[in-house]
Amino acid sequence: MNTDFSIIGKPTAMVDAAGKSTGSGKYADDLSLPGMLIGKILHSPYPHARLKKIDTSRAEALEGVVTVVVGSDAPTPYGILPVGHDEHALVTDKVRYVGDNVACAVAIDEATAEKALELIDVEYEVLPAYFDPEDAMKAESDFIHDHKPHNIEKDYHHVFGDPDAALASSDFVAEARFIANEVTHAAMEPHSTLAAFEIDPHTGNLGRLTVTSSTQVPYYLQHKLSLVLDMPMSQIRVIKPLVGGGFGGKSEVIPLEITAAVAARKAKAPVKITYSREEVFWAHRGRPRTIVDLKTGLGKDGRITGVKARVVQDGGGYCSYGVVTILYSGALLGALYDIPAIRYDGYRVLTNKPVCGAMRGHGTVNVRFAFESQLDELALKAGIDPAEVRRRNLLQPPCITINGLRVQSYGLPECIDQV
């Protein structure tokens, strides 16, 4: 190996290693600005209710409160996907899960902001709530989003080959229902955002916006801020400081990130909002509860003959990454093995629970768990070692799977050998 290089082939410390290892690094909640105010969010106590009236006058009269922000201060919807702009920083019509964001009190300190939340009067019209995705799919009225009949965010179907004939001719068949419950990221650092506008000293008009946030997607955040605030992206700077864990939970725009900027605009002062641990669980965006009905066939030679999968994901109250996640569940079902026939029916369903999003291989993990478990069962029925069954069904890259995935490299054979 050429040893003349100064960087290539040499151990190099990460640029942020010293800050992280010594404790001198700054995370979003460590930061402050002169005149900074604190925002606290009022969350819904109901899983599904229409917002009939909100009165912030008592909260605004409290000494130390600068302003209270509500949904009408940011009426433009947004979402991480272009097809899923169904969220508001603060709700404008109805709440869709316990913990949904209703209002934000902005005050000189956290205690005052917390006290102000108790003085906000909200009148709700409670609606029927759906907590199980299979029950939610049967709904005929009171949909979580009016434009999503039967609370189905997205359904996706594909058939490659002839799975019915393949299963009928199989020597061994296994069929079962697998349920994988929700998982949240539990990052050590909670979500935190500090937003500040430059203010013209002569006119008092607001200028450029700088947002410092615990995020994995600063450019997405910049775009959604531009959309909601109706500002050009060139006038918005997003700074990503050290992030104390994300794992996908900070890979989309969280409501407090938009709310902090809206609050800073209304207060004409820097505003920081940091979620408590309980609020992080409400924000969620974790791996969805997934119901997998799976049927797989195997020949006496240990080759997989066909697969049929029906997958129902509990997406919570908003779209998030759901349209993509339910697609991945099916598209990647045949990404590890050479399977000649596959049927997939996937449903991303809305429920009145905190929103699910991306978490470490979103869409693939729960279905992969189900498939590998069933493959072990089939190996036992066939009397073949489970590792050998997998070897007999390996892809041979470079190749194209039956559903059109191009596989150029493939580490599963080496992984099986190592194990």
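The values are calculated or read from the model by the stated rules, or taken from the named source; none is laboratory data. Computed from a predicted model, the values in this text were never measured in an experiment. Neighbour counts are summed over all protein chains in view; Cβ atoms, including those assigned to glycine, are modelled from backbone coordinates with ideal geometry.
Remarks
- Options Gly357, Gly346: the member that is under 17 Å from Val217 (Cβ atoms) and touching a His at 6+ places or on another chain (Cβ under 8 Å): Gly357
- The condition (being without any contact (Cβ under 8 Å) to a residue 40 or more places away in the chain and of a type outside the set (Gly, Ala, Ser)) is satisfied by just one residue among Asp4, Asp100: Asp4.
- Elements of type helices (runs of 4 or more DSSP H) in segment 327-419, at least 1 residues being within 28 Å of the chain's Cα centre (by Cα) and either free of Cβ contacts under 8 Å to residues at least 60 places away in the same chain or not assigned by TED's automatic domain parsing to the domain that holds Gly161 (or both): 365-382
- Conditions (1) outside any helix (DSSP H, G or I); (2) of a type in the set (A, V, I, L, M); (3) out of contact with any Phe, Trp or Tyr (no Cβ under 9 Å at 6 or more places or on another chain); number of the one not met by Leu81: (3)
- In segment 368-376, the condition of being surrounded by 24 or more Cβ atoms within 10 Å (Cβ to Cβ) and touching a helix residue (DSSP H, G or I) at 6+ places or on another chain (Cβ under 6 Å) is met by no residue.
- Of the helices (runs of 4 or more DSSP H) lying entirely inside segment 163-276, those containing at least 2 residues that are assigned by TED's automatic domain parsing to the domain that holds His362 and surrounded by fewer than 20 Cβ atoms within 10 Å (Cβ to Cβ) are 163-168.
Residue-by-condition table, conditions (1) part of a loop (DSSP other than H, G, I, E, B); (2) closer than 21 Å to Ile291 by Cβ; (3) in contact with a strand residue (DSSP E or B) (Cβ under 6 Å, 6 or more places away or on another chain); (4) free of Cβ contacts under 8 Å to residues at least 60 places away in the same chain:
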| position | (1), (2), (3), (4) |
| --- | --- |
| Ala116 | no, no, yes, no |
| Leu119 | yes, no, no, no |
| Glu123 | no, no, yes, no |
| Tyr130 | yes, yes, no, no |
| Ala139 | yes, yes, no, yes |
| Asp142 | yes, no, no, no |
| Asp146 | yes, no, no, yes |
| Glu153 | no, yes, yes, no |
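- Any hit, segment 123-134, residues being under 30 Å from Lys20 (Cα atoms), of a type outside the set (S, T, N, Q) and surrounded by fewer than 15 Cβ atoms within 10 Å (Cβ to Cβ): no
- Checking each residue of segment 93-103 against the condition of being part of a strand (DSSP E or B), hydrophobic (A, V, I, L, M, F, W, C), in contact with a Phe, Trp or Tyr (Cβ under 9 Å, 6 or more places away or on another chain) and in the same structural domain as Gly39 (by TED's automatic domain parsing) gives at least one match.
- Matching entry among Tyr156, Tyr78, Tyr97, Tyr124 (being among the aromatic types (Phe, Trp, Tyr) and either out of contact with any Leu (no Cβ under 7 Å at 6 or more places or on another chain) or at positive phi (or both)): Tyr97
- Out of Gly35, Gly25, sole residue that is surrounded by fewer than 21 Cβ atoms within 10 Å (Cβ to Cβ), touching a helix residue (DSSP H, G or I) at 6+ places or on another chain (Cβ under 9 Å) and either part of a loop (DSSP other than H, G, I, E, B) or assigned by TED's automatic domain parsing to the domain that holds Gly245 (or both): Gly25
Here's the yes/no breakdown for (1) in contact with a strand residue (DSSP E or B) (Cβ under 7 Å, 6 or more places away or on another chain); (2) under 30 Å from Pro45 (Cβ atoms); (3) surrounded by 17 or more Cβ atoms within 10 Å (Cβ to Cβ):
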{"site": "Tyr318", "(1), (2), (3)": "yes, yes, yes"}
{"site": "Ser329", "(1), (2), (3)": "yes, no, yes"}
{"site": "Asp385", "(1), (2), (3)": "no, no, no"}
{"site": "Val419", "(1), (2), (3)": "no, no, no"}
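Per-residue answers, yes or no, for (1) buried (at least 18 other Cβ atoms within 10 Å of the Cβ); (2) modelled with pLDDT of 95 or more; (3) touching a His at 6+ places or on another chain (Cβ under 9 Å):
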site: Val70; (1), (2), (3): yes, yes, no
site: Gly79; (1), (2), (3): yes, yes, yes
site: Val91; (1), (2), (3): yes, yes, no
site: Ala105; (1), (2), (3): yes, yes, no
site: Ile120; (1), (2), (3): yes, yes, no
site: Glu140; (1), (2), (3): no, yes, yes
site: Lys154; (1), (2), (3): yes, yes, no
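- Condition met for Ser213 (small (Gly, Ala, Ser) and touching a Ser or Thr at 6+ places or on another chain (Cβ under 7 Å)): yes
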